[in-house]
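Derivation of every value follows stated rules applied to the coordinates shown; laboratory data play no part. Note that the structure is a prediction, hence the values are computed from the model and not measured. Note: ideal-geometry Cβ built from the backbone for every residue, glycine included; neighbour counts use all protein chains shown.
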Amino acid sequence: MTDYDVIVVGGGPVGMAAAIEARLSGLSAVVVEPRSGAIDKACGEGLMPGAIPLLARLGVYPTGRDLAGVTYRSGGHAVSHRFSSGVGKGVRRTELHGSLRSRSEELGVVFVEASVGSVRESESGLAASCSNGTNIQGRYLIAADGLHSSIAKAAGLVKALSPRRSKRFGIRQHFHVAPWSEFIEVFYTKTAEVYITPVSEDQVGVAVLGPKSTDFDETIASIPELAGRLEGAAPASQRSGAGSFPQLTTARTKGRILLVGDASGYVDAITGEGLRLGFAQARVAIECILSDKPASYERAWRRVSRDFRVLTGGLISAANSPIRMAIVPLASRLPWVFGLVVNRLAR
Ligand SMILES: Cc1cc2nc3c(=O)[nH]c(=O)nc-3n(C[C@H](O)[C@H](O)[C@H](O)COP(=O)(O)OP(=O)(O)OC[C@H]3O[C@@H](n4cnc5c(N)ncnc54)[C@H](O)[C@@H]3O)c2cc1C
């Protein structure tokens, strides 16, 4: 006898989206998450236009600031593209978390405040052993436990990467300043990218992505145009970090365990679309569970993740290569190519 149709490990945005999808499909769902309150996380906080309808079909409408497109800047060069598929939204993670959590509770998702230590699989289902001493039984388990997924690791699904492969990290902080653009602005420096995402009428999020040695203040100071905008602006949040990227997996299912979101593999935050991708993965994972064909998730995952993997992989290869500082000048000379890429990612 199982307690739930779906055990979701991790109550981040993708885990909660999966739990809501499960409930909307008539399945019972429990989310196991050790952290309480409105969970924050280092993130650029740009919801791409494609994420908005994915959230709306879950009945989730977080407040934030509309985003019209993306601008890349470097030195004197700039290139902008307005999303052709609607608007995106800059949304604080705490706000996104709160709206997903309220909707989950409204639909009867059960929350358990604990972390999952281990998972045992049998023919009829699984048992998740939790840090609060309980064992939760379920027919399926969705691992949404983030970048360093212990479930993916224990299932032997994490891909070993060469120690020589360059690793990147993210640091983010918010500032009290009125947004100066309706676009997400991305500044390229020699080693890092800085993302400015308007998240409200009087706040912007600043996320810096780069190698481990990247210093947040020094990076901003190295971009006079941006340093001028942020000069004197009071911080609106604590500085926090995330990484390292990439984290890759060899497969996305093992028996009745399905990996979604960052736990299923994350190339890099350079294209700022982990959330849209994770919501799409959550949706197809639940469809595969509904049809009782977990193995079909692998193909569905590849289908919804393909563009992200190809475009992010290509951009990160260029950004880690000697042509890095040519990316923005080149994009400004070929704005239609830049537009194609932005539109593809925004879908
Ligand atoms: C600097 C930076 C900028 C980014 N910018 C953007 C952006 O602009 N737009 C965008 O869409 N994406 C962006 N991303 C990516 C985005 O943040 C992630 O893709 C997203 O957070 C993935 O959500 P998730 O629910 O899969 O994982 P997470 O948000 O990491 O949630 C995982 C949850 O699992 C819980 N957990 C972990 N282990 C266990 C366990 N054993 N048992 C139970 N629970 C557990 C954790 O406590 C956590 O709450 C960015 C990422 C970074 C680092």
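Structure summary
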| quantity | calculated |
| --- | --- |
| Amide H within-cut-off set for residue 174, under 5 Å, with H built and near neighbours excluded | 206, 236, 237 |
| Under 20 Å from the residue 84 label point (7 Å along Cα→beta-carbon), backbone N, the stretch 179-211 | 183-184 |
| Space enclosed by the convex hull of the alpha-carbon atoms of the stretch 143-200, per residue, Å³ | 144 |
| Proximal charge balance of residue 245 [Cβ under 11 Å; K/R count +1, D/E count -1] | +1 |
| Estimated vicinal HN-Hα couplings, Hz - the stretch 292-297 in sequence order (Karplus 6.51, -1.76, 1.60; Gly, Pro = x) | 6, 10, x, 5, 6, 5 |
| In order through the stretch 250-259: 3J(HN,Hα) via Karplus (6.51 cos²θ - 1.76 cosθ + 1.60), integer Hz, x for Gly, Pro | 8, 7, 10, 9, 9, x, 9, 9, 10, 9 |
| Net charge, residue 178 excluded, C-beta distance under 15 Å - Lys, Arg +1, Asp, Glu -1 | -4 |
| Lysine pairs within the chain, Cα separation less than 18 Å, 8 or more sequence positions apart or different chains | 9 |
| The chain: relative contact order in percent, alpha carbon pairs under 8 Å with at least 6 residues between | 23 |
| Counting all C-alpha pairs of the stretch 3-116, share separated by more than 18 Å (%) | 54 |
| Cα-based radius of gyration of the stretch 109-156 once divided by 2.2 N^0.38 Å, which approximates compact folds | 1.11 |
| Ordering of 276-288, 172-184 by burial proxy (mean other Cβ atoms within 10 Å per residue, highest first) | 276-288, 172-184 |
| Euclidean distance between Cα centres, the stretch 91-105 to the stretch 118-155, Å | 24 |
| Using θ = phi - 60° and Karplus 6.51 cos²θ - 1.76 cosθ + 1.60, couplings along the stretch 177-185 (whole Hz; Gly, Pro as x) | 7, 5, x, 9, 8, 8, 9, 6, 9 |
| Chain lengthening between residue 347 and residue 124 when straightened (0.36 nm per residue, less Cα-Cα) | 76.5 nm |
| Calculated diffusion of the stretch 284-347, Stokes-Einstein form, Kirkwood radius summed over Cα pairs, 4 °C and 1.567 mPa s, µm²/s | 93 |
| Mean projected area (nm²) of the alpha-carbon convex hull when the stretch 240-347 is viewed from all directions | 7.9 |
| Dimensions (Å) - the chain, Cα atoms, principal axes, largest first | 65, 40, 36 |
| Distance between the stretch 297-347 and the stretch 201-254 - C-alpha centres, whole angstrom | 20 |
| Per-residue Cβ neighbour rank within 10 angstrom, fewest leading, 33, 113 | 113, 33 |
| Built amide H within the under 5 Å cut-off of residue 168, gap 5+ | 245 |
| Order by protection proxy (mean Cβ within 10 Å, highest first), peptides 197-203, 106-112, 157-163, 248-254 | 197-203, 248-254, 106-112, 157-163 |
| Local net charge near residue 144, Cβ-Cβ under 11 Å (Lys/Arg +1, Asp/Glu -1) | -3 |
| By average C-beta atoms within 10 angstrom, highest first, the peptides 58-66, 35-43, 318-326, 92-100 | 92-100, 58-66, 35-43, 318-326 |
